[in-house]
Amino acid sequence: MTIWSTENLRPHERFDGWFELRVARYGGGSAELIREHRPRFAASYSSYTVADTLVSRVHTSAYYFQRSAADVARKPLDYFVIAHQLGSGVVIGPNDDKRFIPSGGFSTNHANTPYELRTLREQTGFHADVVAIPFARCEPFITRTAELGSLPLPVEVGAPALFASYFSAFVKQAPHLSGAAAEVAVETLLQLVLVARGLAAQSNEPTRDALRAGQLEAVRQFITRNLARADLVPAHAAHAVGISVRQLHALFEPTGTTFSRWLTAQRLERARRLLERHPDRSVIDIALACGIESQTTFYRVFRDAFAMTPGEYRHEVSRVRAVSGES
């Protein structure tokens, strides 16, 4: 893991320090920032390597960056780059062909295609998750190369929506992925983004496997967002993801669990956290917040999962905190 911040630099060194790191990670280019703004410039950067793929989070003050054809020629980088905007959005492209990537939006590009990058407003900076996949992984599956430049990637429906769901899970799990699990995760993300971008067909087996993985992750995220719904059933999740109930159950088969078991496990995990964080909140209120309407059912499934009742669990948490001196 790499962690870097301008906090350790003197004010007049911050912008140049960030520029050196940016060039090293994302290729050569030129950066502009009004000189009187440079002492107030701030940036933080963290990254993990997952298999052969760089996963990073970038947060900086506003500035302008350009990677020209000459910069590419001087320092080529053979990566396919995915960026997810976490801040207020950015503008990519020259003045005569600007493209806006909003907050929450995605863009993709080959690192060896020229581009310009700026924030929409000077008062806002850059904040993004960036994944750089070696292009050698992509080439065997790409059927068309016309759209390798910096382009927005709409992710509202279909394969792009599955990609967006999987991307968020991938970034969250990145620090914990290694070995075969890391390889599978990178390959799945790659297949999903190529299909979402329209660069690869959905007919090959790796892509079909990736789409199933994306569907499963989308179902899991739908469940997580809707745990408070007592009426949550497979049909709701299937409809949200655009698959049949039969297909939904088939997604869970290789995982060794079922939709109902996974739903119950997530509800109980949320209940456990709420019992810890809110010692004065009633048990039935917590059960209802987790989509369990019967207190009797809640006590039974909680005891089956944790070998104690909710009240006993809360008492144990209090005892441990008292021993350790936590408030």
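The values are calculated or read from the model by the stated rules, or taken from the named source; none is laboratory data. It should be emphasised that the depicted structure is a prediction, and the values quoted were computed from it without experimental measurement. With ideal geometry, Cβ positions are generated from the backbone for all residues, glycine too; neighbour counts draw on all protein chains shown. The protein model used for the area step is the full one, side chains on, heavy atoms only, and it has no ligands, DNA or RNA in it. Shrake-Rupley method; radii C 1.70, N 1.55, O 1.52, S 1.80 Å.
Yes/no matrix, rows are residues, columns are (1) acidic (Asp, Glu); (2) surrounded by 15 or more Cβ atoms within 10 Å (Cβ to Cβ); (3) free of Cβ contacts under 8 Å to residues at least 12 places away in the same chain:
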residue: SER61; (1), (2), (3): no, yes, no
residue: PHE65; (1), (2), (3): no, yes, no
residue: ALA70; (1), (2), (3): no, no, yes
residue: PRO102; (1), (2), (3): no, no, no
residue: PHE106; (1), (2), (3): no, yes, no
residue: ALA111; (1), (2), (3): no, yes, no
residue: THR119; (1), (2), (3): no, yes, no
residue: VAL130; (1), (2), (3): no, yes, no
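Residue-wise test of (1) open to solvent by less than 60 Å² (accessible area, probe 1.4 Å); (2) in contact with a His (Cβ under 6 Å, 6 or more places away or on another chain); (3) not in a strand (DSSP E or B).
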{"residue": "GLY17", "(1), (2), (3)": "yes, no, yes"}
{"residue": "LEU21", "(1), (2), (3)": "yes, no, yes"}
{"residue": "GLY28", "(1), (2), (3)": "yes, no, yes"}
{"residue": "SER44", "(1), (2), (3)": "yes, yes, no"}
{"residue": "LEU54", "(1), (2), (3)": "yes, no, no"}
{"residue": "VAL58", "(1), (2), (3)": "yes, no, no"}
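Those residues that are open to solvent by less than 70 Å² (accessible area, probe 1.4 Å) and either assigned to a loop (DSSP other than H, G, I, E, B) or farther than 17 Å from ARG137 by Cβ (or both), I need them from segment 180-216; list them, please.
Passing the criteria: GLY198, LEU199, ALA200, ALA201, ASN204, LEU211, GLY214, GLN215, LEU216.
Restrict the check to segment 150-173 and report whether at least one residue is out of contact with any strand residue (DSSP E or B) (no Cβ under 9 Å at 6 or more places or on another chain) and part of a loop (DSSP other than H, G, I, E, B).
Kept after step one, since they are out of contact with any strand residue (DSSP E or B) (no Cβ under 9 Å at 6 or more places or on another chain), are these residues of segment 150-173: 156-159, 161-162, 165-166, 169, 172.
Add one more test, that the residue is part of a loop (DSSP other than H, G, I, E, B), and what stays is 156-157.
Yes, that holds for at least one residue.
Go through ALA250, ALA305 for me and flag whichever is aliphatic (A, V, I, L, M) and free of Cβ contacts under 8 Å to residues at least 24 places away in the same chain. First the steps, then the outcome.
Working: ALA305 fails: free of Cβ contacts under 8 Å to residues at least 24 places away in the same chain.
After ruling out the rest, the residue left standing is ALA250.
Considering only residues of segment 308-327 that are hydroxyl-bearing (Ser, Thr, Tyr) and without any contact (Cβ under 8 Å) to a residue 12 or more places away in the chain, which is most open to solvent (accessible area, probe 1.4 Å)?
At the first step, the residues of segment 308-327 found to be hydroxyl-bearing (Ser, Thr, Tyr) are 309, 313, 318, 324, 327.
Still in the list and also without any contact (Cβ under 8 Å) to a residue 12 or more places away in the chain: 309, 324, 327.
Details: THR309: 25, SER324: 69, SER327: 142 Å².
Looking at the filtered set, the residue picked out is SER327.
One residue is enough: does segment 5-13 have a residue meeting the conditions in a helix (DSSP H, G or I), open to solvent by 60 Å² or more (accessible area, probe 1.4 Å) and within 19 Å of ASP129 (Cβ to Cβ)?
No, the conditions are met nowhere in segment 5-13.
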